[in-house]
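To start, the structure itself, in structure tokens.
The values are calculated or read from the model by the stated rules, or taken from the named source; none is laboratory data. Computed from a prediction, not measured in an experiment: that's the story for all the values here. With ideal geometry, Cβ positions are generated from the backbone for all residues, glycine too; neighbour counts draw on all protein chains shown.
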Amino acid sequence: MNNRVLIIGTGLGALTAALRLARRGYKVQMVEKHHQPGGRLNQIKKDGFTFDIGPTFFSMTYEFEEFIRDAQIKMPFKFKTLDSLYEVNYRENGKNFSIHKDLDKLAKEFERIEPGFKEKMQRFLDNGGRFFHDVENKILKRNYNSLWSYFMAMATVPPKHAPLLYRTVWSELERYFDSREVKEIFSLVAFFLGNTPFDTPAIYTLLSYTELVHDGYHNVEGGMYKIVEGLMSEIKKKNIEVHYNTEIVSYQKENGKVKSFTDQHDKEWNADIFLVNSDAALFRHKVFKRPSFSEKKLEKMKWTLAPLSIYLGLNTKLNNVSLHNYFLGDNFKEYAGQIFKNAIKFEKPYYYVNVVSQSNPSSAPEGHESLFILCPMPDMRFKPDWSDKQKIANDIVTDLSKRINVDLRKHIVSETIMTPEDWENTFNLYKGSGLSLGHNLSQIGAFRPKNFDEKHKNVFYVGSSTLPGTGLPMAVISSKLAVERITEKYGFIHQ
């Protein structure tokens, strides 16, 4: 009976897939390179502080609700909606903008610099909403067996949306707004995808609709890692074994199938079916040695920006800093155009700041603060040497100190820096690319690495570099699509 599944990796896609498969009667086992589960949705505990390593908020909560109905479990964590989404601070003039989900409040922030903002934003969001609902089920949440099936699906999308394929996020915003600040702030959605608004297709302006209208942004009570802890609790109830410090390095095949995978200690892991949550492109390169995913071909692919992340424990409170913040400069186009290829200087960086302990007080001792700083960086193809990480981090902290009027260096009692090199080594990310493959038109839909293997008929993939793409809700959808593939081939297992 084909009922034994080995899942390689324990990211969100893997954890949700494991529970979906267990509900269908499959006997699931998991292996993980890291010492704890979660993939990039992970956690650092250090010096009495707790930090979420990667994502700090999420959207599309209904995808989690679909998952728990499918897995037949109770929601294993609690989330709360953000009414005030984030703050944006400009370096050159000290301007601050609060981004609210409430359109009337949002309009008050921009009316002075963008006359008629409310009406313009309403048209922009309405257009994004129409596109989102026209593609969500027809394109986003489905499998493709071939390019032909993808093109046939695309043909069902109303032709009025076709121009979005040829514009960029930036050029689409220029159709609605005049103010530089408005265009820059609402093009930040491109950075959520690990790209810039000047090379991200305009189809992703639908993210503005999801953040401001459709579902909004949400935090998790107790920190984002509660998602992982809650899912792991359910996994234990299902008697799913998880083995850590286990990296898959090779495989054995037989009759067109993978017979087993081998870890770094030469231990073989046998199963009937294998689901890979390691990066779908990099795994094909490193483990399967697939010519179509050679190093040369990987280099030519579009990868997302790499993160430099800084985790600070402070012995003071930051009462005048919001929960989520973006700190921008005065050279947005220049910075975005040069960041990928390491052609900029980092003395005046652009970065994101999350005051972790505002939403999760238990993450810091009383009277202290947990701070997470994320600065997009070129990946290791363009900047292989990170021996200057402390200087770059110091420049970011110095810049932030000036902008919030607090000398942070005097208050740091814990500091951890993760460079793109650390992200690559810890989570098997290609050249430290933080969100895996990019989302240009040649790498979305059926052009993305398939969620079933080209040669081994019992190997499938789940995660950000396969369908449908990057982000927490996309990982949950990815698990649904991968499990659909498996059950189409092997059916439900009767227990």
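Some notes on this structure:
- Any hit, the stretch 415-423, residues being over 22 Å from ASP388 (Cα atoms), out of contact with any Phe, Trp or Tyr (no Cβ under 6 Å at 6 or more places or on another chain) and part of a helix (DSSP H, G or I): no
- Every condition in (1) of a type in the set (S, T, N, Q); (2) touching a residue at least 60 places away in the same chain (Cβ under 8 Å); (3) not in a loop (DSSP other than H, G, I, E, B) is met by GLN338 except one, and the failing one is (2).
- Index of the failed condition, PHE327 passing every other in (1) surrounded by 15 or more Cβ atoms within 10 Å (Cβ to Cβ); (2) of a type outside the set (Ser, Thr, Tyr); (3) over 23 Å from the mean Cα position of the chain (by Cα): (3)
- Yes/no for PHE332 being more than 21 Å from the chain's Cα centre (by Cα), of a type in the set (A, V, I, L, M, F, W, C) and surrounded by fewer than 20 Cβ atoms within 10 Å (Cβ to Cβ): no
- Of the helices (runs of 4 or more DSSP H) that lie entirely inside the stretch 223-327, those containing 3 or more residues that are at pLDDT 95 or above and farther than 21 Å from GLN36 by Cα span 280-286, 295-300.
- Meets criteria (crowded, with 22+ Cβ neighbours inside 10 Å, in contact (Cβ under 8 Å) with a residue 12 or more places away in the chain, farther than 15 Å from LYS480 by Cβ and of a type in the set (A, V, I, L, M, F, W, C)) for ILE53: yes
- Cβ-Cβ distances below 7 Å connect the following pairs, each with a first residue in the stretch 68-82 that is closer than 17 Å to LEU12 by Cβ, a second residue that is part of a helix (DSSP H, G or I) and of a type in the set (A, V, I, L, M), and a separation of six or more residues or different chains: ALA71/LEU19; ILE73/LEU19; MET75/ILE68; PRO76/LEU231; PHE77/ILE227.
- Filter result for GLY223 (in contact (Cβ under 8 Å) with a residue 24 or more places away in the chain, in contact with a Pro (Cβ under 6 Å, 6 or more places away or on another chain) and crowded, with 19+ Cβ neighbours inside 10 Å): no
- In the stretch 276-324, residue surrounded by the most Cβ atoms within 10 Å (Cβ to Cβ) [restricted to those that are small (Gly, Ala, Ser) and either under 28 Å from ILE392 (Cα atoms) or outside the structural domain of ASN458 (by TED's automatic domain parsing) (or both)]: ALA306
- For beta carbons closer than 6 Å, sequence separation of 6+ or different chains, a first residue in the stretch 190-206 that is free of Cβ contacts under 8 Å to residues at least 24 places away in the same chain and a second that is of a type in the set (Ser, Thr, Tyr), the qualifying pairs are ALA190/THR196; ALA190/THR200.
- Subset of the stretch 360-395 that is assigned to a helix (DSSP H, G or I) and in contact with a strand residue (DSSP E or B) (Cβ under 6 Å, 6 or more places away or on another chain) - its residue that is surrounded by the fewest Cβ atoms within 10 Å (Cβ to Cβ): LYS389
- Filtered by the rule that a residue be surrounded by 18 or more Cβ atoms within 10 Å (Cβ to Cβ) and within 26 Å of LEU298 (Cα to Cα), the stretch 259-275 gives PHE261, ASP263, PHE274, LEU275.
- The condition (being within 22 Å of GLY445 (Cβ to Cβ), surrounded by fewer than 17 Cβ atoms within 10 Å (Cβ to Cβ) and at pLDDT below 95) is satisfied by just one residue among ASN195, ASN137: ASN137.
- Only one of GLU369, GLU347 that is closer than 20 Å to TRP386 by Cα, over 23 Å from the mean Cα position of the chain (by Cα) and not hydrophobic (A, V, I, L, M, F, W, C): GLU347
Condition check ((1) of a type outside the set (Val, Ile, Thr); (2) touching a residue at least 12 places away in the same chain (Cβ under 8 Å)) across all residues:
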residue: LYS402; (1), (2): yes, no
residue: THR416; (1), (2): no, yes
residue: LYS431; (1), (2): yes, yes
residue: LEU441; (1), (2): yes, yes
residue: LYS455; (1), (2): yes, yes
residue: LEU472; (1), (2): yes, yes
residue: SER478; (1), (2): yes, yes
residue: THR487; (1), (2): no, yes
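- Residue in the stretch 233-240 that is among the hydrophobic types (A, V, I, L, M, F, W, C) and either surrounded by fewer than 19 Cβ atoms within 10 Å (Cβ to Cβ) or more than 29 Å from MET377 (Cβ to Cβ) (or both) present: yes
- With respect to the stated conditions, ALA107 fails to be more than 30 Å from VAL413 (Cβ to Cβ), crowded, with 21+ Cβ neighbours inside 10 Å and either assigned by TED's automatic domain parsing to the domain that holds GLY11 or at pLDDT 95 or above (or both).
- In the stretch 174-190, the residue that is surrounded by the most Cβ atoms within 10 Å (Cβ to Cβ) out of those that are part of a helix (DSSP H, G or I) and either among the basic types (Lys, Arg) or within 23 Å of the chain's Cα centre (by Cα) (or both) is PHE186.
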